[in-house]
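Read through the structure below, which is laid out as structure tokens, and then see the notes.
The values are calculated or read from the model by the stated rules, or taken from the named source; none is laboratory data. Not measured: the values here are computed from a predicted model. Every residue, glycine among them, receives a Cβ derived from its backbone with ideal geometry; neighbour counts consider all protein chains shown. Surface accessibility is based on the protein's heavy atoms, side chains included, excluding ligands, DNA and RNA. Shrake-Rupley method; radii C 1.70, N 1.55, O 1.52, S 1.80 Å.
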Amino acid sequence: MDFSFTEEQNMIRDSLSRLIREQYDWETRNKVIASESGWRPEMWAQFAELGLLMAPFSEEDGGLGGNAVDAMVVMEEFGKGLVIEPYVPSVVLGGGFLKHGGSAAQKENHLASLMGGEETFAFAYAEPTSRFNLNDVSTTARANGSSYVLNGQKAMVYGAPWATHLIVSARTSGERYDDAGISVFIVPKDAAGITTRDYPTMDGFRASEIYFENVEVSGDSMIGEEGKALPLIEKVVDEGIAAICSEACGAMQIANADTIEYAKQRKQFNVPISTFQVLQHEMVDMFIAHQQSVSMTFQVTMRLEEDEATRKKAASAAKVQIGKAGRFIGQAATQIHGGMGVTDELRLGHYFKRLTLIDSQFGNVDYHLRRYTSLAEGQDLSAAAE
Amino acid sequence: MNLEFSPEENAFREEVRSFIEENYPEEIKGKDREELTKEQFVAWHQILGKKGWSVPSWPVEYGGTGWTPTQKYIWSEENARADTIMPLPFAVSMVGPVIYTFGSQEHKDKYLPGIVDGTTWWCQGFSEPGAGSDLAGLKTTAVRDGDEWVINGQKTWTTLGQHAEMGFFLCRTNPDVKKQEGISFILIPMDTPGVEVRPIIMTDGGHEVNEVWLTDVRVPVDNLVGEENKGWTYAKFLLAHERTGIAGVARSKRGIEKLREVAAMEHDNGKPLIANPDFAEKISQLEIDLTALEFTELRTIAGMQKGKGPGPESSLLKIKGTEIQQRLTELTLEAVGNYAAPYFRGFPTDGDNVFPIGPDYAHMAMPNYLNMRKTSIYGGSNEIQRNIIAKAVLGL
């Protein structure tokens, strides 16, 4: 059992945290998210230069030989700084599909440029009425000779405005909710027939609604086998869950620290409000919620490579913990900040928004509690029957 | 970062598992603490004493094992898995470490062997009717008279004091200084004239705790541990000792397994209760909370492997650990439904002449639920633990 970080991981944390401190100050960040493009491609290039984009890939794939722990380290720093560049969409999700499902040629064509920052990816899976269900796919991919033709709409695609390529889930056979019959494709975003509606999100990112109208893609743009993509999608999304859990931990840390600091400064009834026991105990519960979230993030990150059922339970357990803790900390931090907590001026509100929306990203507390239960219950009932 | 145990650690787990299988006394297998006689209670402790495993955390020179924190974790996991009755903390985790850390050579020679081999039963005399969370406000006095201390006062909540041969007591030896600075740590044989143990019956019907009345109790001055008026320091040391185990993760894991077994046997509208999604999700949520606590404990253990002591963060383990233990008994109570209600006066200690009503697993659901309310009150209430974190960790 080992809970320590490698030297490389510690270096990644240190250099990233320095970069954020020096070039990602609060004012700059707010200017960037209000700008037309909403991000800084030059910052992305710096992340590439630091090796962040290569960190969680094996040496065989041209990476630095790291794994999900490296992504965890990166994402915690992203969470502390509310960094909006598309590490999860491009490196964790896009990179995840390529490394777990990509053919030799697909890896050859895309991995190096993904790690170099020249190509960026976004994962288009949700649809307007699919909610969190990964098997709810209505977008179709019809075989047409050696190519496929995509039709449908994808919703809330984080990072899509900045992407050069999309990973798209589409149905090659079966009915809307079938597990079987789902395939994934790598699609250049400038392919003919794609239109997008880009928009900012409440938590500072950019996302798109994407419309596919007779978009023709070649057969070799399919990742993995036709109609059998759901297990791969689930695996990659579980890795995305681990990454945003870590991001949430970083955001919780700042929300808690800001709250303690504010409570010590703010005087009412002639004393700092931090001397009130009712607030002290609230802040202790916020501390505990953060610590338990860090523990759960370690838990899911270390279990991503275990068998499918263990991995799914680990991811859902973590997402339940982080969803609840994020909501609790966000609300309590806002409450303790009083009127200041609900202003746009204070950075706290922005952490609150990100923590709130992390819950619904990749499935909220209710969804994951149900998924966890369905996995746990199967085991129980068979055990009880023995 | 990884979760794998080393080959040596896996071999150790095998060794522990087979030792328990081969040596745990048949007659107490599967029984709860409440069902045991004093002799049965100490049987496993005495077997462990012979093996050299009764005081794993102690320094090797006094009988400890020298196990790593990970080995101790494996040890507690395997004991939980086998539902063993572990030694009470009063001797092994409380007075023992105080004696080998602060006691004289004579104290060590006289008292430590009886703790290691499980032949001396120790109880704790700390709380008083007027001194609970404000323990330093205690009023029991010890006055020097020649070669003796003369002790007067009343202690309470003394767990299983009715069985004890020895007790360790906090007594006021100087009333004229700050309250924390006038307390001494004194050992009292429980058969000393003037010591009276009176039972307190708890809501579960059990006799687990007692009042201890001390009236002109005389013990030799040598029964003072360490320095006079330094007792508060020793008490704080004692209460902070072995905090990681307080989370009770392994026992609660086993508890959730048992709860699932109960919920699989109970029926709800023609299906097993476990198939009721509302109830199943309550169990899931509890298990998720426990997983978070387990990994928090593992992080603490990993820190200890590197020499970092479990700091005041261990209050977190106490708070979450006890919340989970309580929730577990609460859900078990919910699971058994109607059969939570029958009351068996004297069950289970009165033996076989009682034929309980309802399924076996339901008998203790209500008593356990009632009994576990103590966990967020004892050992420094959970509110006091929050005060500790607020002050020592958050700097409030």
**Asked** Any number yet on Rg/Rh for the protein assembly as shown, C-alpha, Kirkwood?
**Response** 1.03
**Request:** Classify the range A:85-149 as rounded, prolate or oblate from the Cα gyration tensor: take a ≥ b ≥ c as the square roots of its eigenvalues, call it rounded if a/c is under 1.5, otherwise prolate when a/b beats b/c and oblate if not.
**Result:** oblate
**Request:** Excluding residues fewer than 8 places away in the same chain, name every one of the lysines whose C-alpha is closer than 23 Å to that of B:K155.
**Result:** B:K38, B:K139, B:K178, B:K179, B:K230, B:K236, B:K374
**Message:** Which one, B:M265, B:W232, B:P89, is farthest towards the positive end of the dipole of chain B when Lys and Arg carry +1 and Asp and Glu -1 on their Cβ?
**Reply:** B:W232
**Fill in**
The aspartates and glutamates whose Cα lies under 16 Å from the Cα of B:K29, excluding any fewer than 8 residues away in the same chain, are B:E21, B:E39, B:E78, B:D83, B:D360
**Over the range A:261-303: Kirkwood hydrodynamic radius from C-alpha pairwise inverse distances, Å** = 12.0 Å
**Request:** Run a plain Debye calculation on the range B:122-230 (Cα atoms as equal point scatterers, no solvent) and give log10 I(q)/I(0) at q = 0.15, 0.16, 0.24 Å⁻¹, rounded to two decimals, same order as the q list.
**Result:** -0.58, -0.65, -1.37
**Request:** Quote the total accessible area buried by chains A and B together, excluding ligands, DNA and RNA, probe 1.4 Å, nearest 100 Å².
**Result:** 3800 Å²
**Message:** Averaging the inverse of every distinct alpha carbon separation and then flipping it gives the Kirkwood radius. What is it for the range A:1-69, in angstrom units?
**Reply:** 13.7 Å
**Asked** Hey, how much of the P(r) for the range B:185-242 falls beyond 12 Å, as a percent of Cα pairs?
**Response** 74 percent
**Asked** Given a Förster radius of 60 Å and the C-beta distance between B:V177 and B:N338 as r, what FRET efficiency does 1/(1 + (r/R0)^6) yield to the nearest 0.05?
**Response** 0.55
**Item:** Cα-centred dipole magnitude for chain B, charges only on beta-carbon of K, R (+1) and D, E (-1), debye, nearest 20
**Value:** 1060 debye
**Item:** For chain A, the fraction of alpha-carbon pairs in successive 10 Å shells from zero, as %
**Value:** 5, 23, 32, 25, 11, 3, 1, 0
**Prompt:** Using a probe of 1.4 angstrom, how much of the accessible area of chain A is carbon and sulfur, in percent?
**Reply:** 50 percent
**Asked** Treating the beta-carbon of each Lys and Arg as +1 and of each Asp and Glu as -1, no other charges, what is the dipole magnitude of chain A about its Cα centre, to the nearest 20 debye?
**Response** 1240 debye
**Prompt:** What's the percent breakdown of Cα-Cα distances in the range A:7-119 across 10 Å bins, shortest bin first?
**Reply:** 14, 48, 30, 9, 0
**Asked** Percent of accessible area on the range B:190-281 owned by carbon and sulfur, 1.4 Å probe?
**Response** 51 percent
**Volume in Å³ per residue [convex hull over Cα atoms, computed for chain B]** = 159 Å³
**Message:** How big is the dipole moment of the protein assembly as shown about its Cα centre under a simple scheme where the beta carbon of each Lys and Arg is +1, that of each Asp and Glu is -1, and everything else is neutral? Debye, nearest 20, please.
**Reply:** 1900 debye
**Complete:** Comparing B:I47, B:I288, B:I301 in a Gaussian network model of chain B (Cα, 10 Å), the one with the largest mean-square fluctuation is B:I288
**Complete:** The value for the range A:123-227 (convex hull of the alpha-carbon atoms, volume per residue, Å³) is 89 Å³
**Asked** Based on the mean of other beta carbon atoms within 10 Å per residue, what is the order of A:338-351, B:310-323, A:289-302, most packed first?
**Response** A:289-302, B:310-323, A:338-351
**Item:** Positive-end residue of B:F12, B:F41, B:P25, charge dipole of the range B:6-51 with Cβ unit charges
**Value:** B:F41
**Message:** Quick one: the Cα spread of the range B:43-159 along its three principal axes, in angstroms, biggest first?
**Reply:** 46, 31, 25
**Item:** Burial ranking of peptide ranges A:20-30, A:58-68, A:205-215 (average Cβ count within 10 Å, highest at the top)
**Value:** A:205-215, A:58-68, A:20-30
**Fill in**
One can check that the equivalent ellipsoid of the range A:47-108, built from the alpha-carbon gyration tensor with semi-axes equal to the square roots of five times its eigenvalues, has lengths in Å, largest first, of 21, 12, 9
**Prompt:** So how far apart, in nm, are the two label points at A:D14 and A:L346 if each is 7 Å from Cα heading toward Cβ?
**Reply:** 3.5 nm
**Asked** Which value results when the Cα radius of gyration for the range B:196-321 is divided by 2.2 N^0.38 Å?
**Response** 1.59
**Request:** Based on the mean of other Cβ atoms within 10 Å per residue, sort peptides A:188-201, B:199-212, B:78-91 so the most packed one is first.
**Result:** B:78-91, B:199-212, A:188-201
**Message:** Tell me whether the range A:231-379 comes out rounded, prolate or oblate; compute the Cα gyration tensor, take square roots of the eigenvalues as a ≥ b ≥ c, and use a/c under 1.5 as the rounded threshold.
**Reply:** prolate
**Message:** Kirkwood Rh over alpha-carbon pairs of the range B:7-87, then Stokes-Einstein at 20 °C and 1.002 mPa s: what D in µm² s⁻¹, rounded to an integer?
**Reply:** 162 µm²/s
**Request:** Measure out, as a whole number of angstrom, how far apart the alpha-carbon centroids of the range A:152-183 and the range B:260-336 sit.
**Result:** 37 Å
**Percent breakdown of C-alpha pair distances by 10 Å bin, ordered from the shortest bin, for the range A:162-280** = 11, 24, 26, 14, 10, 11, 4, 0
**Request:** Specify, per residue and in Å³, the volume enclosed by the convex hull of the alpha carbon atoms belonging to the range B:243-393.
**Result:** 128 Å³
